[in-house]
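The values are calculated or read from the model by the stated rules, or taken from the named source; none is laboratory data. For clarity, every value in this text was computed on a predicted model and none was experimentally measured. We place every Cβ from the backbone using ideal geometry, glycine too, and count neighbours over all the protein chains shown. Note: areas computed on protein heavy atoms with side chains; ligands, DNA, RNA excluded. Shrake-Rupley method; radii C 1.70, N 1.55, O 1.52, S 1.80 Å.
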Amino acid sequence: TISDDIGIATINDDDGVVYISIAGDTQSEGTDLVFNVTLSGMSAFNVTYNFNPADLTATTADGDYTITGGTNVINAGSTSQSITVATGNDTKLELDETFEISLSGVVGATVSLVGTSDYAIGTIQNNDAAPDLFIDDLTFNEGETGTFSVSISEVSALDAVFTWATYDGSATTAGSDY
């Protein structure tokens, strides 16, 4: 007589924890930035995560970059996926600008805390030339005050800083002309 005709086997999972991380990118204005989302190893299950952008010095309102948050899935057996972000190609001279993509709501993996993070920085490098500065010629009578006008060829997000000096021509400082 068989008193127990069912045997139960238990398989202990020894594959270890699968970690998820994201790496940023740096590109010139007008070039897509690619954020790589990576798992530390293959998972037998799909890994789902939310991603969300956040303005730092770059802003979506100014057209510096274009992306909305969403949910992605790294399919079982895969170890990476990319999030591509389009950048605007403006004509303003400005400093390099940054924004952030963060991961949240991760299911099927653990956010890595050693050497990586749940967010990454995208850097948009300025590719615009500095505007030109112009100084107007000036004619005025001795004894009067002359004021030179300086102008810039286009609006800039940065201050226009320049050094000026006077040089003797037919008028001299030695002759007290100016």
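Of the numbered criteria (1) part of a loop (DSSP other than H, G, I, E, B); (2) open to solvent by less than 100 Å² (accessible area, probe 1.4 Å), the one residue 6 fails is (2). If you filter segment 120-178 down to residues that are open to solvent by less than 90 Å² (accessible area, probe 1.4 Å), more than 30 Å from residue 34 (Cα to Cα) and among the aliphatic types (A, V, I, L, M), you find that the one that is farthest from the chain's Cα centre (by Cα) is 171.
Against the condition assigned to a loop (DSSP other than H, G, I, E, B), at pLDDT below 90, β-branched (Val, Ile, Thr) and under 30 Å from residue 18 (Cα atoms), how does residue 114 come out, does it pass? So residue 114 fits the description; yes. Of all the residues in segment 44-81, those that are closer than 14 Å to residue 33 by Cα and surrounded by 16 or more Cβ atoms within 10 Å (Cβ to Cβ) number 6.
Return a yes/no flag: does segment 27-34 have any residue that is acidic (Asp, Glu) and loosely packed, with under 12 Cβ neighbours inside 10 Å. Before you say what the answer is, go through the steps one by one.
Within segment 27-34, the subset acidic (Asp, Glu) is 29, 32.
From what is left, the residues that are loosely packed, with under 12 Cβ neighbours inside 10 Å are none.
So far as segment 27-34 goes, no, none of its residues is acidic (Asp, Glu) and loosely packed, with under 12 Cβ neighbours inside 10 Å.
Which residue pairs have Cβ atoms closer than 6 Å, lie 6 or more positions apart in sequence or on different chains, and pair a first residue in segment 150-178 that is in a loop (DSSP other than H, G, I, E, B) with a second residue that is acidic (Asp, Glu)? Short answer, once both residue conditions are applied: 153/132; 157/94; 171/177. For segment 16-42, the set of residues classified as assigned to a strand (DSSP E or B) and either aliphatic (A, V, I, L, M) or over 15 Å from residue 121 (Cα atoms) (or both) consists of 19, 20, 22, 23, 33, 34, 37, 38, 39, listed by residue number. Of all residues in segment 36-82, none satisfies the criterion of being touching a residue at least 60 places away in the same chain (Cβ under 8 Å), more than 15 Å from residue 18 (Cα to Cα) and among the β-branched types (Val, Ile, Thr). Mind checking whether some residue in segment 57-73 is hydroxyl-bearing (Ser, Thr, Tyr), more than 16 Å from residue 29 (Cβ to Cβ) and assigned to a loop (DSSP other than H, G, I, E, B)? There is at least one residue in segment 57-73 that is hydroxyl-bearing (Ser, Thr, Tyr), more than 16 Å from residue 29 (Cβ to Cβ) and assigned to a loop (DSSP other than H, G, I, E, B).
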